[in-house]
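Right, one structure below, let's go through it.
Where a number appears in this text, it was derived from the coordinates with a stated rule and is not lab data. Computed from a predicted structure; not experimentally measured. Cβ sites come from the backbone with ideal geometry, for glycine too, and all protein chains shown count toward neighbours.
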Amino acid sequence: MKYRQCGSSGLQLPVLGIGCWSYGGGDYWGNQSQNDVEAVINAALDAGCTYFDTAEAYNNGDSESAVGKALKGRRHEAIVGTKVLPSNCQPQSLRQHCEASLKRLNMDYIDLYMIHWPIHSQAASSLTSEDNLLKNPPRLDAAVQMLEELQQEGKIRHIGISNFGVLQMEEILGLGVNIAVNQMPYSLLFQTIEAKVLPYCREKGIGVIGYMGLMQGLLTGKYKDAESVPPNRARVRHFRGDRPGSRHGEAGAEKETFEALDKIAAIAKELGLPMHLLAAAWSVAHPDLTCTIVGARNRDQFLDNLKALNVELDDETMSALRDATESLMKKVGTSLDLFEHTDKSRSW
């Protein structure tokens, strides 16, 4: 396992981490065996894949509980990241939610505690319907002050953010807080952070965790057309905005998405690689990406994903993959928010 440093924070992450959204089971991903969760986490620790990414919003906290149970006896080997929703960032509420996460995780401290989305009314409106919160969203400065208090108390070790654009990073850094990590969507099918976010994070010494590295299964090659993709995974701007559960309302880029997938599949076939390993290896290869998180529902799936670390891509292949996705990147555009209309992006 290779590790990369998150700027000057002292936090070091493996280049491949485990996304734990499905753990605990729920409506989005369906049932999840706790035995399989424990098998994945133990195999990951054995392989040096020490970062586990969860959130209070994942399966109503059940993901955190599942991770905590699986890490019993091996907590000291792991780096655990979890997230608080911006709607829960009023200072006392933030403290309560942090302590609730600690209780579910059955841990004394959280290695990396992240604000899940930027704190403003637009982000809050997509996550809560409470009138008071929508009219009076939490203040970023007050939230940061509480995060620093929790850090001083030893309840969290590193402060992180998720889905923050450059302007939002400038705002939070202007408060004098040390941000270890910004977690952003990044994959062969969504490279938007390369233009501004990655250079800014490199300049400011902020680590970057890429999520949706396999685009929720699209980059495994299992879906041959848009109609075969489960509705809850077709909510992103790559798909038509009139699909069930979608909020963005845009035309989407279904033609370009599946044309890109066909080209990526052809490159993978020529290399003798499964598409998902090629896609994961491509993300891991970016030197400005500290860690790429991918999900694993069972031990065999994790061990298969681990093979991506043995894949080295030459310049010709990297260039071919960029050519394969160029039309899609132009169609998707520059908005950092995968789920909302470009004009209503929560990240800027």
Taking segment 332-344 only, how many residues are among the polar types (S, T, N, Q) and farther than 18 Å from Asp242 by Cα? 2
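Okay, residues lined up against (1) under 17 Å from Val229 (Cα atoms); (2) touching a Leu at 6+ places or on another chain (Cβ under 7 Å); (3) surrounded by 21 or more Cβ atoms within 10 Å (Cβ to Cβ); (4) among the acidic types (Asp, Glu):
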{"position": "Ala260", "(1), (2), (3), (4)": "yes, yes, yes, no"}
{"position": "Lys263", "(1), (2), (3), (4)": "no, no, no, no"}
{"position": "Ile293", "(1), (2), (3), (4)": "no, no, yes, no"}
{"position": "Arg297", "(1), (2), (3), (4)": "no, no, no, no"}
{"position": "Phe302", "(1), (2), (3), (4)": "no, no, yes, no"}
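Being β-branched (Val, Ile, Thr) and within 26 Å of Leu11 (Cβ to Cβ) is the filter; apply it to segment 189-246 and report the residue that is surrounded by the most Cβ atoms within 10 Å (Cβ to Cβ).
Ranking the candidates gives Ile209 first.
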Scan the helices (runs of 4 or more DSSP H) fully inside segment 134-248 and keep the ones with 3 or more residues being under 30 Å from Leu273 (Cβ atoms). 197-204
Residues located in segment 132-187, provided they are over 27 Å from Ile18 (Cβ atoms), crowded, with 17+ Cβ neighbours inside 10 Å and touching a Phe, Trp or Tyr at 6+ places or on another chain (Cβ under 8 Å): Val166
Test Ser319 against the stated conditions and say whether it is surrounded by fewer than 19 Cβ atoms within 10 Å (Cβ to Cβ) and either under 25 Å from Val40 (Cβ atoms) or out of contact with any Gly (no Cβ under 7 Å at 6 or more places or on another chain) (or both). yes
Sort through Lys269, Lys307, Lys263 and tell me the only one that's in contact with a helix residue (DSSP H, G or I) (Cβ under 6 Å, 6 or more places away or on another chain) and free of Cβ contacts under 8 Å to residues at least 40 places away in the same chain. Lys307
Reported set for segment 38-60 where residues are without any contact (Cβ under 8 Å) to a residue 40 or more places away in the chain, of a type in the set (A, V, I, L, M, F, W, C) and surrounded by fewer than 23 Cβ atoms within 10 Å (Cβ to Cβ) is Leu45
Note on segment 188-201: residues closer than 21 Å to Gly19 by Cβ and among the aromatic types (Phe, Trp, Tyr) are Phe190
Say whether the condition of being crowded, with 18+ Cβ neighbours inside 10 Å, farther than 30 Å from Leu45 by Cβ and not aliphatic (A, V, I, L, M) is met by at least one residue in segment 271-279. no
Out of segment 249-273, which residues are under 24 Å from the mean Cα position of the chain (by Cα), outside any helix (DSSP H, G or I) and not charged (D, E, K, R)? Gly249, Gly252, Ala253
Read through the list (1) touching a His at 6+ places or on another chain (Cβ under 7 Å); (2) surrounded by fewer than 16 Cβ atoms within 10 Å (Cβ to Cβ); (3) basic (Lys, Arg), then give the number of the only condition that Lys83 fails. (2)
